[in-house]
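> Here's a structure for you.
The values are calculated or read from the model by the stated rules, or taken from the named source; none is laboratory data. What you see is a predicted model, and the numbers here were worked out from it, not measured in a lab. Cβ atoms come from the backbone with ideal geometry, glycine included; neighbour counts cover every protein chain shown.
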Amino acid sequence: MSIVTPDSARLPQARGLGSQILRDLAGVALLAIASLAAGLVVNRFSLSPLPIVYQAPEQRFDAELTTLVAAAPFKIAPAATVGLEEFRSAVESKSALILDARPSVFFEQGHVPGALNLARDDFAHDYRDLAGVLQVAHDKPIIVYCSGGECHDSRLVANALLSLGFGNVSVFTGGWDAWSAAGLPASTGSGR
C-alpha cells in the first residue's frame with residue numbers, strides 16, 4: 001500500500017508544466033532569431049538601409065563626405081580649368097574663393113595668399129570647419145588647386161564640391177608648382 005501525499009501528487013504535474021514552459025521559451029527564442037534574421041536581410045537589400053551600429057549625425061556626414069572625395073578622379077572639361085594668368089587675376093582681385101586641396105602640412109609650408117585649406121585627405125573635417133565660408137561662397141566662383149602636374153587632389157575636391165551643389169567650381173591645373181615657379185607671392189602657416 002502506498003501513501004499518496006498532496007505534494008507527491010503534484011510532482012508529475014509540476015514536471016510537465018516545467019517542460020512546457022521550456023518548450024515555449026525555446027519557441028519564442030527561435031521566433032525572435034528568425035525575425036532578427038529576416039529584418040537584417042530586408043534591411044540589407046533596402047534602397048536606404050539603416051545602419052546596424054548607431055552613428056551620430058556628424059559621423060554619418062563625415063562618412064558621406066569621405067565617400068564623395070574618394071570617388072575616382074573625373075575628367076574636367078576645358079571650361080572648368082583655369083590657367084596661371086586667370087588664376088593670378090582671381091587671386092589678386094579676390095573674385096573667387098581659392099581652395100588648396102593639398103594636405104595641411106604642405107599648405108602650412110606655403111600656399112597662395114588668401115587660400116583656404118580644404119585638404120582631400122581630411123576633406124570631411126576641413127569641410128565642416130569651412131562650412132560657413134563655403135555656404136557664403138556657394139554661388140561665387142571657386143578655384144581649387146593642389147601641387148599641379150600629376151596631382152589629382154584638386155580634381156577630387158572639385159568633384160566633391162560639385163556633388164554637394166556648388167555650381168561654379170574650377171581647377172587651376174598648374175597648381176602650387178606653377179604658382180611658385182612663376183615667383184608669385186606665397187603665404188605660410190595655417191591661414192585660419
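> Just to be sure before I move on: is Pro113 touching a helix residue (DSSP H, G or I) at 6+ places or on another chain (Cβ under 6 Å) and either under 19 Å from Thr66 (Cα atoms) or touching a residue at least 24 places away in the same chain (Cβ under 8 Å) (or both) in the structure I sent?
So Pro113 fails the test.
> Does Ser154 satisfy the condition of being in contact with a helix residue (DSSP H, G or I) (Cβ under 7 Å, 6 or more places away or on another chain) and in a strand (DSSP E or B)?
For Ser154, the condition - in contact with a helix residue (DSSP H, G or I) (Cβ under 7 Å, 6 or more places away or on another chain) and in a strand (DSSP E or B) - is not met.
> Still on this structure: Filter region 65-88 for residues that are at pLDDT 80 or above and not aliphatic (A, V, I, L, M) and give the result.
Selection gives Thr81, Gly83, Glu85, Glu86, Phe87, Arg88.
> Could you check region 141-173 and list, in sequence order, the residues that are among the hydrophobic types (A, V, I, L, M, F, W, C) and surrounded by fewer than 21 Cβ atoms within 10 Å (Cβ to Cβ)?
Cys151, Leu162, Leu164, Phe166
> So the check is Cβ under 7 Å with 6+ separation or different chains; which pairs have a first residue in region 89-100 that's assigned by TED's automatic domain parsing to the domain that holds Phe172 and a second one that's buried (at least 20 other Cβ atoms within 10 Å of the Cβ) and not aliphatic (A, V, I, L, M)?
Listed pairs, sorted by first residue: Asp100/Phe107; Asp100/His111; Asp100/Asn117; Asp100/Tyr145.
Yes/no matrix, rows are residues, columns are (1) at pLDDT 95 or above; (2) surrounded by fewer than 22 Cβ atoms within 10 Å (Cβ to Cβ); (3) not in a helix (DSSP H, G or I):
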{"position": "Arg102", "(1), (2), (3)": "yes, no, yes"}
{"position": "Phe107", "(1), (2), (3)": "yes, no, no"}
{"position": "Pro113", "(1), (2), (3)": "yes, yes, yes"}
{"position": "Phe123", "(1), (2), (3)": "no, no, no"}
{"position": "Arg128", "(1), (2), (3)": "no, yes, no"}
{"position": "Gln135", "(1), (2), (3)": "no, yes, no"}
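> Follow-up. Identify all residues within region 29-62 that are assigned to a loop (DSSP other than H, G, I, E, B) and surrounded by fewer than 10 Cβ atoms within 10 Å (Cβ to Cβ); write none if there are none.
Passing the criteria: Phe45, Ser46, Leu47, Ser48, Leu50, Ile52, Val53, Tyr54, Ala56.
> Also: In this structure, does Asp177 turn out to be buried (at least 18 other Cβ atoms within 10 Å of the Cβ), touching a residue at least 12 places away in the same chain (Cβ under 8 Å) and acidic (Asp, Glu)?
Against the criterion (buried (at least 18 other Cβ atoms within 10 Å of the Cβ), touching a residue at least 12 places away in the same chain (Cβ under 8 Å) and acidic (Asp, Glu)), Asp177 does not qualify.
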